[in-house]
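Everything below concerns the one structure shown next.
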């Protein structure tokens, strides 16, 4: 088995997606194109989708990035940590990760069910109903378990989602400190606009450790607003992120902000305080081939991380992200085509 290359700390969720109808939406009080956190009235949705709507189940949440990176790497290169339950949903999630070649080391919490995201597809609309459940129960003690920590020490690159700031900040900081101490790469993804809006204090601490800060334009602007910055310029926001304090002085910080169909922006700190801003065109996909854009950001992050693992240039890493996102949006859910495709560099 090859050495572990990439560790992903994030929230494991089982995506349960099916084509539904207006009757199903009304039954659970869902809107056709919305994303909500599940309440008691929604808990029957997940079994309903499986039993009555021929649902597809696939490891979701943070596993989207892990599976995406693994798609472009040798088997067992990626190591995924989070919390699930010892239930049928947890077993399905673990099996889905293993099928994709991702190694998992999950904390098991018997008191709550595995986190799930029900996806009801009606036409081009997606209604997402998420129950975080066990995903919220990760503990730093699991990370520091000698067997797990040995795997952490053996892994070359650490990737953390912003969502985990809502779960276990001590675990995030343990990885961040290890990255600085051993001069390993630490990647942080904003994940959602509410992370800088609501979790600004722990975010500010964690960003000091980040060698790579990634996110989309909405998340970047949410961070800028949380810092009382009025600029709407993505390039300027990237510069502001570059200038944040940094723990590991051996590595210059790099910021990458995706913008959907618009060019991806990268900002690279240089010696002498110079900051290099570059626009990277995305790969175009004909509209009639696009099935689902919900997982595009996760696919991009997975491809980008795979490039870092392989020691590619920044341009190549971003292009690998664009390539995987291009494939992903032609599938339903955060899925990738099989038989496995081989990366083809952009001609731009």
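Here, each number is a calculation from the coordinates, and none is a lab measurement. Because the structure is a prediction, the values reported are computed rather than measured. When we count neighbours, we look across all protein chains shown, and the Cβ atoms used for this are built from the backbone with ideal geometry, even at glycine.
Take each peptide in 21-29, 82-90, 5-13, 150-158, count the other Cβ atoms within 10 Å of every residue, and average; sorted highest first, the result is 5-13, 82-90, 150-158, 21-29.
As a test, work out the antiparallel percent of DSSP beta bridges whose residues both lie in the chain, rounded to the nearest 5. Present the calculation step by step, with values, prior to reporting the outcome.
Values: 24 of 61 bridges.
Looking only at bridges with both residues in the chain, the antiparallel portion is about 40 percent.
Could you list 346, 201, 127, 228 so that the one with the fewest beta carbons within 10 Å of its beta carbon is first and the one with the most is last?
Values: 346 16, 201 10, 127 21, 228 6.
By the 10 Å Cβ count, ascending, the order reads 228, 201, 346, 127.
One Cα centroid belongs to the stretch 209-227, the other to the stretch 274-310; the line between them spans 17 Å.
What ranking do 252, 336 get, fewest neighbouring Cβ atoms within 10 angstrom at the top?
Values: 252 14, 336 22.
Least to most surrounded, the residues fall as 252, 336.
What number, in percent, do you get for the relative contact order of the stretch 242-323 if the mean sequence gap of Cα pairs under 8 Å and at least 6 apart is divided by its residue count?
Rounded, it is 19 percent for the stretch 242-323.
The stretch 132-161 and the stretch 100-117 have Cα centres spaced 12 Å apart.
Multiply the residue gap between residue 284 and residue 252 by 0.36 nm, knock off their C-alpha separation, and tell me the result in nm, one decimal place. The partial results should precede the final answer.
On the way: separation 32, 0.36 × 32 = 11.52 nm, distance 3.10 nm.
The residue 284-residue 252 span can extend by a further 8.4 nm.
Here the stretch 149-284 carries DSSP beta bridges of which approximately 45% are antiparallel, counting only pairs with both residues inside. Just want to confirm a number: the relative contact order over the chain, from Cα pairs under 8 angstrom separated by 6+ residues, in percent. Here the relative contact order equals 16 percent.
Across every pair of different alpha-carbon atoms, what Kirkwood hydrodynamic radius in Å does the chain reach? Please list the in-between numbers first.
Values: mean 1/r = 0.0491 Å⁻¹.
One decimal place: 20.4 Å for the Kirkwood radius.
Can you give me the relative contact order of the stretch 1-142 as a percent, contacts being Cα pairs under 8 Å and 6 or more apart? Mind dumping the intermediate values first?
Values: 318 pairs, mean separation 51.3, N = 142.
The normalised contact order for the stretch 1-142 reaches 36 percent.
From helices alone, the chain scores -10000 deg cm²/dmol at 222 nm; the rule is -39500 (n - 2.57) for each run of n ≥ 4 DSSP H residues, then divide by the residue total. Using a Gaussian network model of the chain in which every pair of alpha carbons under 10 angstrom is joined by a spring, one finds that among 48, 211, 292 the greatest mean-square fluctuation is at 48.
Output the peptides 265-275, 182-192 sorted from most to least packed, where packing is the average of other Cβ atoms within 10 Å over each peptide's residues. It would help to have the intermediate numbers written out before the result.
Numbers: 265-275: 14.4, 182-192: 21.1.
Answer by packing, highest mean first, reads 182-192, 265-275.
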